[in-house]
């Protein structure tokens, strides 16, 4: 079979070599983007009188026919034509005859594939941003239901201070908001056009790159043809934003997994997002949360893989860059799937409110309240800290909690203690009093939720 680029060659590679070098098995994902870019290119060639109007109309009609077939999954591709670009050119030529070969005038596969990926990522990032916003709405709704649900807050995975469960959920809302802004920032760099840069040096034809960019909805064009065909920063930026977001989801997944355990029993997942054991009938495993935690490493791997591919490449295009696509496609699929799963998981989970609140009455997470109580009466905080530490030790030795101590016990530690100390030790009051901006008080959590709603309305 004659290669579309084969004029220079006198021998053909064996079939297995062709298969190793071909990318059609995965870059067919870009079929609609490739056709969209080709329609814009043909339109521009006609406007610049490089093609006649009749030639462009025939080519565009053929491309639209291919698009209809692609949307119905009726196109057949082959490794004989290596990639999506040559496969489509071959199919177009079958439809419109030798005229199909004119479509490639003033264009290279180098700027063509870069254009395809810009178009692809632009739409995928918009979808990711939409899914983030949907997940944020789920978090706001759930947080609003649990503003006054009290749970232990943790540091070092040790109980630290009582907090509002709504406050805990809103922490992830704000993480996701930063993630969303990162994706929107990346979209600015994604939405520029490399089309017309040619193989690396531009073209001798009188093309209008700005016009083709406008047709494709790009905000601008690359100013340097070498940069246009060799740049994959936009993919790296997408993968970087994805990696950070998956790290946030993984942290949340870890907490979900802990909260589901018999040791915590803070929540129960809906059966839709859990599985059983093949041998232990009692098990209900948080598999979806575990998978998201595991898939985070997959996204990291794609980012590190592409960084490694690009780090030693001289300008401009190199065949190594064919390896930029599978990781990108996989990251898109993983990120979108993880966001959908997580939103459903949080929306349908049952919160064991009584178990959470019971947990903060049988620990020492109210110890800071004692130290703050003494500090508010004028005692230096470090002295207050030491006094409370000794009281905690006394409780451990007696097998009781701070609220179980008598007023005489407290006064023996410091004469500053009065009967109102028991109000200070109440976990509910401890949460209510933490009313600094961004704190866990019910009023502050409600204020956070209002701000979050305004962000989503925008």
Seminar exercise, completed: If you go through 66, 92, 103, the only one that is closer than 30 Å to residue 331 by Cβ and either surrounded by 15 or more Cβ atoms within 10 Å (Cβ to Cβ) or in contact with a strand residue (DSSP E or B) (Cβ under 8 Å, 6 or more places away or on another chain) (or both) is 66
Seminar exercise, completed: Looking across the range 398-440 at residues that are within 30 Å of the chain's Cα centre (by Cα) and under 27 Å from residue 383 (Cβ atoms), the single one that is surrounded by the most Cβ atoms within 10 Å (Cβ to Cβ) is 440
Exercise. With 308, 275 as the choices, which residue is touching a strand residue (DSSP E or B) at 6+ places or on another chain (Cβ under 6 Å), surrounded by fewer than 15 Cβ atoms within 10 Å (Cβ to Cβ) and in the same structural domain as residue 125 (by TED's automatic domain parsing)?
Worked result: 275
For this session: With respect to residue 218, determine if the residue is out of contact with any helix residue (DSSP H, G or I) (no Cβ under 7 Å at 6 or more places or on another chain), buried (at least 16 other Cβ atoms within 10 Å of the Cβ) and modelled with pLDDT of 95 or more.
Result: yes
Problem set entry | Residue among 195, 249 that alone is at pLDDT 95 or above, within 29 Å of the chain's Cα centre (by Cα), under 16 Å from residue 110 (Cα atoms) and crowded, with 22+ Cβ neighbours inside 10 Å | 195
Exercise. In the range 282-295, is there at least one residue being within 19 Å of residue 109 (Cα to Cα) and either outside the structural domain of residue 179 (by TED's automatic domain parsing) or touching a strand residue (DSSP E or B) at 6+ places or on another chain (Cβ under 9 Å) (or both)?
Worked result: no
Exercise. Only one of 415, 440 is in a loop (DSSP other than H, G, I, E, B) and under 17 Å from residue 148 (Cβ atoms); which?
Worked result: 440
Exercise. Do we find that residue 368 is in contact with a strand residue (DSSP E or B) (Cβ under 8 Å, 6 or more places away or on another chain) and either touching a residue at least 24 places away in the same chain (Cβ under 8 Å) or within 27 Å of residue 260 (Cα to Cα) (or both) in this structure?
Worked result: yes
Problem set entry | Every residue from the range 284-300 that is in contact (Cβ under 8 Å) with a residue 12 or more places away in the chain, surrounded by fewer than 22 Cβ atoms within 10 Å (Cβ to Cβ) and not in a helix (DSSP H, G or I) | 284
For this session: For residue 336, state whether it is in the same structural domain as residue 125 (by TED's automatic domain parsing), within 28 Å of residue 253 (Cβ to Cβ), surrounded by fewer than 20 Cβ atoms within 10 Å (Cβ to Cβ) and in contact (Cβ under 8 Å) with a residue 40 or more places away in the chain.
Result: yes
For this session: Give the range 128-142 a look and list any residue that's more than 12 Å from residue 453 (Cα to Cα) and touching a residue at least 24 places away in the same chain (Cβ under 8 Å), or say none.
Result: 128, 129, 131, 132, 135, 142
Exercise. Can you tell me which residue in the range 362-395 is surrounded by the most Cβ atoms within 10 Å (Cβ to Cβ), limited to those that are in a loop (DSSP other than H, G, I, E, B) and in contact with a helix residue (DSSP H, G or I) (Cβ under 6 Å, 6 or more places away or on another chain)?
Worked result: 366
Exercise. What's the number of the condition residue 449 fails, among (1) farther than 26 Å from residue 147 by Cα; (2) touching a residue at least 12 places away in the same chain (Cβ under 8 Å)?
Worked result: (1)
Exercise. Does at least one position in the range 233-253 carry a residue that is in a helix (DSSP H, G or I), free of Cβ contacts under 8 Å to residues at least 12 places away in the same chain, closer than 28 Å to residue 155 by Cα and out of contact with any helix residue (DSSP H, G or I) (no Cβ under 6 Å at 6 or more places or on another chain)?
Worked result: yes
Exercise. Name the residues in the range 148-169 that are in contact with a strand residue (DSSP E or B) (Cβ under 9 Å, 6 or more places away or on another chain) and outside any strand (DSSP E or B), would you?
Worked result: 148, 149, 165, 167, 168
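The values are calculated or read from the model by the stated rules, or taken from the named source; none is laboratory data. In this text, all values refer to a predicted model and were calculated from it rather than measured experimentally. No Cβ is skipped: glycine too gets one built from the backbone with ideal geometry, and neighbour counts run over all protein chains shown.
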